[in-house]
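What follows is one structure encoded as structure tokens, with my remarks underneath.
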Amino acid sequence: MNLLNTSCVVTGAARGIGLAIVHSLLAKGARVVLSDIDSTALDAALAHLDNPRAIGCRADVAVAADMATLAEAARQHAGPPALWVNNAGLARHRNILDYTTEEIDLMLAVNLKGAILGSQAALRAMAPQKRGHIINIISTASLRGIPGETVYCAAKWGVRGFTQGLREEAAKSGVRVTALLPGGVDTDFWQDAVERTMPVEDFLTAQQVAEAVVSLAEMEENVVPQELVLRALRDRDFNH
């Protein structure tokens, strides 16, 4: 896909991996709609970018109507979205007995339901065009169970299974679907996720994940990069 003037959507775009993806897409000449539930952070990101090809749309990925509004914002900004990156996510890491019901509901809503609803909105917009690419940012937590991350793993395993099924359904409409599974990434995400110091010096950077997204998107449109696991060389998740 040639990203020049391409209509793109990135969720969870106000900071971290999402904002790095936006930077990389804009560098390729794309037109991008940034989505985030945090309107203050979203406004700050847009001010930092200061780019007319980037606009914001405050949206909750766990609300179907918000995802439909996001797709419409992209259409009005640059035409039906051709690239949609489901990046929004959050984590709370602790013993399974210490999770509150509210935390469980929130993690499943944002990580799993959010990817499903975002993909629905993306596919509805892309299918009539017979082209498009949905990239779900998942995690290596979808590859094995990790103590202290049980609920996060459950959500990410669910997204990975959903993405595999979606890939087969979307192909009939000419839409590609890719799962990108980063290991640890050095962002503020970890400050909210854990109550201990993480070995961020062994992690990927947000920019490295963003470059992977661009590389996947730029592949020829008859090629489906099904799944990419991306790790820093010394990253072993929580086995330190």
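Filter the range 126-153 down to residues that are within 20 Å of Ala171 (Cβ to Cβ) and either polar (S, T, N, Q) or touching a Phe, Trp or Tyr at 6+ places or on another chain (Cβ under 8 Å) (or both) and give me whichever is surrounded by the fewest Cβ atoms within 10 Å (Cβ to Cβ). Within the range 126-153, the match that is surrounded by the fewest Cβ atoms within 10 Å (Cβ to Cβ) is Gln129. In the range 147-168 there is no residue that is part of a helix (DSSP H, G or I), within 23 Å of Asp105 (Cα to Cα) and modelled with pLDDT under 90. For the range 114-162, a residue qualifies if it is more than 15 Å from Val229 (Cβ to Cβ) and of a type in the set (S, T, N, Q), and the qualifying residues are Ser119, Gln120, Gln129, Thr150.
Conditions (1) touching a residue at least 60 places away in the same chain (Cβ under 8 Å); (2) farther than 27 Å from Gly56 by Cβ, marked per residue:
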{"site": "Arg75", "(1), (2)": "yes, no"}
{"site": "Thr101", "(1), (2)": "no, yes"}
{"site": "Ala121", "(1), (2)": "no, no"}
{"site": "Ala125", "(1), (2)": "no, no"}
{"site": "Lys130", "(1), (2)": "no, yes"}
{"site": "Thr140", "(1), (2)": "yes, yes"}
{"site": "Ala154", "(1), (2)": "no, yes"}
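Restricting the first member to the range 209-222 and to residues that are surrounded by fewer than 21 Cβ atoms within 10 Å (Cβ to Cβ), and the second to residues that are of a type outside the set (S, T, N, Q) and part of a helix (DSSP H, G or I), the beta-carbon pairs closer than 7 Å and six or more apart or on different chains are Val214/Leu25. I want to confirm something. Restricting to the range 161-178 and keeping residues that are touching a residue at least 24 places away in the same chain (Cβ under 8 Å) and touching a Ser or Thr at 6+ places or on another chain (Cβ under 9 Å), which single residue is nearest to Lys113 (Cα to Cα)? The selected residue is Phe162.
Here the range 126-146 is the region considered, the condition is being among the β-branched types (Val, Ile, Thr) and modelled with pLDDT of 95 or more, and the residue that is farthest from the chain's Cα centre (by Cα) is Ile134. The set of residues in the range 115-146 that are assigned to a helix (DSSP H, G or I) and either aromatic (Phe, Trp, Tyr) or under 18 Å from Val209 (Cβ atoms) (or both) comprises Ala115, Gly118, Thr140, Ala141, Ser142. Condition check: more than 26 Å from Pro182 (Cβ to Cβ) and in contact with a Ser or Thr (Cβ under 8 Å, 6 or more places away or on another chain). Does Gly114 satisfy that? No; evaluated as a whole, the condition is false for this residue. Count of the range 72-91 residues, restricted to those that are under 15 Å from the mean Cα position of the chain (by Cα) and either over 24 Å from Arg176 (Cα atoms) or in a helix (DSSP H, G or I) (or both), is 2. Reported count of residues in the range 11-58, each being in contact (Cβ under 8 Å) with a residue 24 or more places away in the chain, among the charged types (D, E, K, R) and either crowded, with 21+ Cβ neighbours inside 10 Å or in contact with a strand residue (DSSP E or B) (Cβ under 9 Å, 6 or more places away or on another chain) (or both), is 5. Assess whether Lys130 counts as being on the phi > 0 side of the Ramachandran plot and charged (D, E, K, R). Answer is yes for this residue. Of all residues in the range 1-18, those being hydrophobic (A, V, I, L, M, F, W, C) and closer than 14 Å to Gln208 by Cβ number 1. Criterion applied to Ala13, Ala20, Ala30 was being over 21 Å from Ser119 (Cβ atoms) and either modelled with pLDDT of 95 or more or under 17 Å from the mean Cα position of the chain (by Cα) (or both), and the one residue passing it is Ala20.
The values are calculated or read from the model by the stated rules, or taken from the named source; none is laboratory data. Computed from a predicted structure; not experimentally measured. Here the Cβ is made from the backbone with ideal geometry for all residues, glycine too, and neighbour counts use every protein chain on show.
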